[in-house]
Amino acid sequence: MTKVLFVCLGNICRSPAAEGVLRAKVKARGLSIAVDSAGTGGWHAGDPPDERMRAAALNRGYDLSAQRARQVSPDDFETFHYILAMDASNLANLKDIAPPGHGAVLRKFLGKDDVPDPYYGGDDGFDHVLDLMEAAVDELLAEISG
Ligand code: 4NP
């Protein structure tokens with residue numbers, strides 16, 4: 001089974017949204033793909049996603065309420081086939097902890113672009129993140145299952 005891990009800074013905004021969108025599409029299409037998310041930082045470990053992100057996601061039918069934040073660990077490189085970072089800083093932090101010779105695909109989720117951090121911005125930022133996640137998840141599924 002292909003295993004996908006999304007990684008942002010706090011694991012309460014961007015990567016939980018990516019996890020929720022991919023989970024929903026995997027379920028709807030009956031695919032066998034495991035999905036998780038984590039943060040490079042551990043400040044929010046154990047917390048549910050940010051309530052603004054939960055609300056924006058639920059508005060589109062994605063229920064993030066069961067998710068809890070956790071910090072990424074070097075062991076994740078043994079477990080997951082794809083480790084997808086939300087921005088360049090997340091990617092740099094992941095490269096710092098990646099065990100030498102790991103077999104995971106490690107890259108930014110959007111390729112060249114960063115997913116902007118909505119944490120300190122207005123409500124529009126959360127919807128924008130969901131727009132980006134929905135499009136990028138479709139591309140990822142075309143890559144994994146195609
Ligand atoms: P995320 O957003 O990385 O998309 O989960 C953030 C959440 C919390 C913080 C920063 C970014 N923070 O500094 O607490």
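The values are calculated or read from the model by the stated rules, or taken from the named source; none is laboratory data. Computed from a predicted structure; not experimentally measured. Note that each Cβ is placed from the backbone with ideal geometry, even for glycine, and that neighbours are counted across all protein chains shown. These area figures cover heavy atoms from the full protein model, side chains too; ligands, DNA and RNA do not enter into them. Shrake-Rupley method; radii C 1.70, N 1.55, O 1.52, S 1.80 Å.
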Is there any pair linking a residue in the range 24-48 that is part of a helix (DSSP H, G or I) to one that is modelled with pLDDT under 95, with Cβ under 7 Å and at least six apart or on different chains, and which?
-> none
Those residues that are within 11 Å of the ligand (Cβ to nearest atom), crowded, with 24+ Cβ neighbours inside 10 Å and among the aliphatic types (A, V, I, L, M), I need them from the range 6-37; list them, please.
-> 7, 12, 17, 18
Residues in the range 33-42: is at least one touching a strand residue (DSSP E or B) at 6+ places or on another chain (Cβ under 7 Å) and of a type in the set (Asp, Glu)?
-> yes
Candidates 45, 85, 92, 69, filtered to the one that is in contact with a His (Cβ under 6 Å, 6 or more places away or on another chain) and of a type outside the set (Phe, Trp, Tyr) = 69
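Going through the range 88-130 one residue at a time, which ones are within 19 Å of residue 52 (Cβ to Cβ) and open to solvent by less than 30 Å² (accessible area, probe 1.4 Å)?
Hits for the range 88-130 are 115, 118, 125, 126, 129, 130.
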Only one of (1) closer than 20 Å to residue 104 by Cα; (2) touching a residue at least 12 places away in the same chain (Cβ under 8 Å); (3) open to solvent by 40 Å² or more (accessible area, probe 1.4 Å) does not apply to residue 52, and that is (1)
Does residue 137 satisfy being under 18 Å from residue 38 (Cα atoms), of a type in the set (A, V, I, L, M), within 15 Å of the ligand (Cβ to nearest atom) and open to solvent by less than 40 Å² (accessible area, probe 1.4 Å)?
-> no
In the range 93-102, which residues are away from the ligand (no atom under 14 Å from the Cβ) and either in contact (Cβ under 8 Å) with a residue 12 or more places away in the chain or assigned to a helix (DSSP H, G or I) (or both)?
-> 95, 96, 97, 98, 99, 102
Scanning the range 55-78 residue by residue, the ones that are open to solvent by 30 Å² or more (accessible area, probe 1.4 Å) and more than 14 Å from the ligand (Cβ to nearest atom) total 12
Filtered residues of the range 117-146 (kept if part of a loop (DSSP other than H, G, I, E, B) and in contact (Cβ under 8 Å) with a residue 24 or more places away in the chain) | 117, 118, 119, 123
